[in-house]
Every structure is written in C-alpha cells, then in structure tokens.
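In what follows, a structure is listed as structure tokens, so that the remarks can point back to it.
The values are calculated or read from the model by the stated rules, or taken from the named source; none is laboratory data. This is a predicted model, so every value here is computed, not measured. As a convention, Cβ positions derive from the backbone with ideal geometry for all residues, glycine included, and neighbour counts pool all protein chains shown.
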Amino acid sequence: MVTGMADGVKEGARGRADRGDARRDRWRRHRIERRKEFVEAALRVIDKQGPDFGMEDVAAEAGVTKPVLYRHFTDKADLLVALGQRGTEILFNRLMPALNQELAPVPRIRRAIDAFFSTVEEYPNLYRLLVHPPPHAADSPSTAIAQEDKRLIATAVTAVLGDYMRAFGMDSGAAEPWAHGVVGLVQNIGEWWLERQSMSKEAVVEYTTQIIWAAIDGVLRQHGHTVDPNKPLELNKVIKMRDTRGDAATGAEKAAE
C-alpha cells in the first residue's frame with residue numbers, strides 16, 4: 001500500500017512537470033511567433049520610411065504599444081539583429097536553390113546572380129540598413145551579420161569551386177581568394193546599382209553574369225579545358241553548394257526563451 005502511494009505521488013509529480021513543460025513550450029513558441037510578427041512589421045516600416053526608423057514606428061505598424069514591443073526586444077539593437085537574421089534567411093532561401101540547380105554553367109550563374117539582385121530590388125531599404133547603417137547605428141550587430149553573410153556565402157562558394165577545380169585536375173588553392181573576389185564583386189555591383197538605378201535589373205544581372213563567366217572561362221582555357229557555357233555538366237549531379245549556416249531558427253528561439 002505504501003509502495004502504491006509512493007508510486008502515485010511520483011506519477012503526480014511527473015504529470016505536473018509534464019504540464020509545466022508543455023506550458024513553457026507553448027509560451028516559447030508564442031514568443032517566437034510574436035517576434036516574427038514584429039520583425040515583419042519592422043520590414044514594412046523600413047520599406048516605407050527607410051533605414052532610419054524608430055521603435056515607436058514599428059509598434060504602431062504592429063498595432064501594439066512600445067512597452068509590448070520591448071517585452072520581445074531588449075532594445076533597437078536587438079531588433080536590428082533580428083532584422084539581419086531575417087535578411088539572411090530571405091537571401092539564402094533564394095540563393096541556395098538557384099546555385100544548386102543542375103543547369104549549364106552560364107544559366108546557373110545567371111540564376112544565382114538574379115536571386116541576389118531580386119532580393120536587393122525587393123528589399124532595398126533592408127539591404128541599405130544592413131550594409132550601410134545610419135551613422136548612429138554604424139556599430140550595430142546587424143552590420144556584423146551582413147559581414148558574416150558575406151563570409152558564409154564565400155565559404156560555400158569556396159567549397160563548390162574547389163570541388164570543380166579538383167574535378168578538372170586544377171590546383172584548388174585558388175578557390176578561396178576567387179570565391180571572396182566574386183562575392184565582393186557582386187556586392188559592390190549591387191550597391192552601385194541600388195544607388196544609381198541606371199539600368200534594369202535584367203541588364204545588370206546579364207552584365208555581371210558575363211563578367212564572372214569570362215573569368216571562369218579564361219582560367220579553364222589556361223589549363224587546357226574548354227567548357228560549353230550552355231551545356232549542363234555531369235559534375236552538377238554530384239557537386240552541390242552546401243548551406244554553411246547553422247539552424248536559422250536557433251537564434252530566434254534562444255532570444256525568445
């Protein structure tokens with residue numbers, strides 16, 4: 001009988017603990033979803049007002065008071081970090097599928113470049129905020145996120161270039177500086193195009209594609225290889241761009257706890 005009572009007490013304690021865990025999980029998921037809603041509201045504010053916005057603008061757009069917003073973000077820097085993470089998610093969700101399509105070399109390059117410029121075109125003020133924040137936010141963590149994005153993309157490009165170069169019997173040591181050069185080239189052209197808007201997106205995508213292919217074609221020919229730019233390579237089936245990010249949701253989940 002005593003044993004039965006003890007077992008009952010243990011079962012009751014476990015049940016209360018399970019219910020407590022379930023409530024915490026529901027609360028955590030609720031906070032994650034609310035943060036996402038506020039980040040989307042901030043994106044709408046940035047789209048309308050530009051990179052220099054206030055927390056009161058985000059609160060008004062979300063239909064809440066500032067104190068409610070500050071329950072989910074410690075300060076504006078915290079919101080900027082979340083915006084940077086959202087920008088990373090948007091870009092990578094478009095870029096990685098484009099890079100991994102089994103297309104001929106030039107169409108594959110074109111698709112990836114178009115993914116980047118389409119993102120810049122759709123979120124111009126977010127891009128400005130992350131790459132060139134206002135003076136008072138120059139040291140914002142979101143700027144560090146933009147730099148980290150460049151590094152992540154260059155690391156992924158390094159891996160895939162190295163695979164191709166080794167497959168062609170070439171020295172893959174050049175893959176890393178080449179990858180960083182390509183990423184810097186595309187970003188610089190993107191910034192120039194965003195500010196000047198002197199040609200269509202289609203035109204700048206095509207010019208950038210041709211510049212990158214000319215470099216690749218030149219290096220291949222120096223090593224005795226001729227590749228049809230419009231014919232898919234068999235290597236495409238085994239060489240894929242790897243997403244070098246961690247779990248995109250991890251940061252948001254930790255912040256929500």
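Look at region 181-201: where a residue is in contact (Cβ under 8 Å) with a residue 12 or more places away in the chain and within 19 Å of residue 147 (Cβ to Cβ) and a partner is surrounded by 15 or more Cβ atoms within 10 Å (Cβ to Cβ) and hydroxyl-bearing (Ser, Thr, Tyr), sitting 6+ places away or on another chain with Cβ atoms under 9 Å, you get 185/208; 186/208; 189/208; 190/127; 190/208; 191/127; 194/127. Here the condition is being over 24 Å from residue 210 (Cα atoms) and among the charged types (D, E, K, R); of 78, 114, it holds for 78 alone. Against the list (1) basic (Lys, Arg); (2) closer than 21 Å to residue 197 by Cβ; (3) touching a helix residue (DSSP H, G or I) at 6+ places or on another chain (Cβ under 7 Å), the condition residue 48 fails is (3).
For region 92-102, which residues satisfy the criterion of being touching a helix residue (DSSP H, G or I) at 6+ places or on another chain (Cβ under 7 Å) and crowded, with 19+ Cβ neighbours inside 10 Å? Scanning region 92-102 gives 95, 98, 99.
Looking at (1) in a helix (DSSP H, G or I); (2) more than 18 Å from the chain's Cα centre (by Cα); (3) under 26 Å from residue 224 (Cβ atoms), which one does residue 189 not meet, given that it meets all the others? Failing condition for residue 189: (3). Checking residue 199 against (1) modelled with pLDDT of 95 or more; (2) in a helix (DSSP H, G or I), which single condition isn't satisfied? For residue 199, the failing item is (2). Evaluated against (1) modelled with pLDDT of 90 or more; (2) hydrophobic (A, V, I, L, M, F, W, C); (3) surrounded by 14 or more Cβ atoms within 10 Å (Cβ to Cβ); (4) not in a loop (DSSP other than H, G, I, E, B), residue 227 falls short on exactly one condition, (4). Does residue 61 satisfy the criteria of being under 22 Å from the mean Cα position of the chain (by Cα) and either assigned to a helix (DSSP H, G or I) or closer than 21 Å to residue 127 by Cβ (or both)? Against the criterion (under 22 Å from the mean Cα position of the chain (by Cα) and either assigned to a helix (DSSP H, G or I) or closer than 21 Å to residue 127 by Cβ (or both)), residue 61 does not qualify. Which residue pairs have Cβ atoms closer than 7 Å, lie 6 or more positions apart in sequence or on different chains, and pair a first residue in region 25-38 that is of a type outside the set (Val, Ile, Thr) and in a helix (DSSP H, G or I) with a second residue that is modelled with pLDDT under 75 and exposed (fewer than 12 other Cβ atoms within 10 Å of the Cβ)? Pairs found: 28/257. Kindly indicate whether residue 32 is on the phi < 0 side of the Ramachandran plot, β-branched (Val, Ile, Thr) and touching a Phe, Trp or Tyr at 6+ places or on another chain (Cβ under 8 Å). Criteria not met by residue 32.
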